[in-house]
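Notes for the one structure printed next.
The values are calculated or read from the model by the stated rules, or taken from the named source; none is laboratory data. These figures come from a predicted structure and were not determined experimentally. All Cβ positions, glycine included, derive from the backbone under ideal geometry; neighbour counts span all protein chains shown. What goes into the accessible areas is simple: the full protein's heavy atoms, side chains included, and nothing from ligands, DNA or RNA. Shrake-Rupley method; radii C 1.70, N 1.55, O 1.52, S 1.80 Å.
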Amino acid sequence: MYDMHIHIIPEIDDGAKDLETTIAMLKIAAQNGTTKIVATPHVIEGNWLPDWDTILAGCKKVKNAADELGIKMDIYPGGEVAMHMDILEHIKGPGPYCINGGRYLLVELPAAEVPDYAEDFFFILQTRGITPIIAHPERHPILAKDPNKLADWINKGILTQMNFSSLIGKMGERAMKTAELFIANNMIYIAGSDAHSTRTRNPDMTQGISRLQSLIGSERTNNIINVNPKAIVDNQDVFINEIAKVQMKDKSNLLNKILSVFK
């Protein structure tokens, strides 16, 4: 299975602090069934802004470490690109910073807001032949309050990536309930560990996958952890569900539970 979002390249951002940590993370991933990793270091204007060659070299270092351990692990380059209009100067089209050098780009929203320029940012990427993938939208307070904003983006061809840690409550109740809501409405396309180390946010996705299977069954889970990721890594089309309106489940009253966390 694929881990589509992990900070495993050593000494490049706030993820793996050294090669020893990278090796330990590889061992955890392999022991828990992960066979393919998309390395997604932070790409942030003015802070962490590694060039693409540095990311490629980092992926080669991770792959060499896996090979030396006898671990069969495919490593693909990517980035977690922080939304900022200036970053577009570095992203002219499919290729650098996109997943495996293709046309899919993992984009992180600012932590507490959706900028006024968000629509323009996504539109510019799409006019350049890039399909944005929103990183862990279940963690975002604005999207939790207004899930139909995310639905509108999906209807415009934008994809989403969920963190399994959110689904099992490690990122708090709001993120967990929001993840459940998005999953129930077919609003999640790929997932990952978003692991930064061997501690709480580590590469073990098994609990999250088990929870996902209990919510949507094995076939839809397989789409999220294998089918869609393979299409993205291979630069192929991903089928996007049209969402008329986010549907709430009356029994669990998910939206009220999410909103209560803000009070």
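Cross-link pairs exceeding 29 Å in C-alpha to C-alpha distance, out of Lys36/Lys245; Lys63/Lys145; Lys61/Lys92; Lys61/Lys230, comprise Lys36/Lys245; Lys63/Lys145. Every Cα-Cα pair of the stretch 146-208 was included, and the share exceeding 18 Å stands at 36 percent.
Given R0 = 25 Å, the distance between the Cβ atoms of Glu113 and Gln247 translates into a calculated FRET efficiency of 0.45. Residues Glu80, Glu68, Glu173, Glu11, sorted by accessible area with the largest first, give Glu68, Glu11, Glu173, Glu80 [1.4 Å probe; ligands and nucleic acids excluded]. Across the alpha-carbon set of the stretch 1-148, the Rg to Rh ratio works out to 0.99, Rh being the Kirkwood radius. Computed on the stretch 105-241, the Cα convex hull volume stands at 107 Å³ per residue. In the frame of its principal axes, the stretch 10-64 has Cα extents of 37, 17, 16 Å, reported largest first. In the stretch 161-179, which residues have a backbone nitrogen under 18 Å from the label point lying 7 Å from Lys149's Cα in the Cα-to-Cβ direction? Those under the cut-off are 161-162, 174-179. With protein chains left intact and a 1.4 Å probe, residues in the chain average 44 Å² of accessible area per residue. Backbone amide hydrogens, once placed in the peptide plane, bring Ala39 within less than 5 Å of Tyr76, Gly78, excluding anything fewer than 5 places away on its chain.
Computed on the chain, with alpha-carbon pairs under 8 angstrom and 6+ residues apart, the relative contact order is 20 percent. Taking every C-alpha pair closer than 8 Å and separated by at least 6 residues, the mean separation divided by the residue count of the stretch 157-255 gives a relative contact order of 29 percent.
Put simply, when 203-209, 233-239 are sorted by average Cβ atoms within 10 angstrom per residue, most first, you get 203-209, 233-239. Across the alpha-carbon atoms of the chain, the computed radius of gyration and Dmax are 17.3, 52 angstrom.
Between Ala231, Cys98, Thr54, the Cα set farthest toward the positive side of the dipole of the chain (charges on each charged residue's Cβ, about the Cα centre) is that of Ala231. The aspartates and glutamates within cross-link reach of Lys170, meaning a Cα-to-Cα straight distance under 13 Å and a gap of 8 or more places when in the same chain, are Glu138, Asp194, Asp204.
Measuring r between the beta carbons of Lys92 and Ser214 and using R0 = 45 Å, the FRET efficiency lands at 0.60. In the complete set of protein chains, residue-level accessible area for Val227 is approximately 70 Å², probe 1.4 angstrom. Estimated from helical segments only, the mean residue ellipticity of the chain at 222 nm is -11500 deg cm²/dmol, where each DSSP H run of four or more residues counts as -39500 (n - 2.57). Using only alpha-carbon positions in the stretch 67-133, the gyration tensor eigenvalues give semi-axes of 27, 14, 9 Å once each is multiplied by 5 and square-rooted (largest first). Of the whole protein surface, Tyr117 contributes about 70 Å² of accessible area at a 1.4 Å probe radius.
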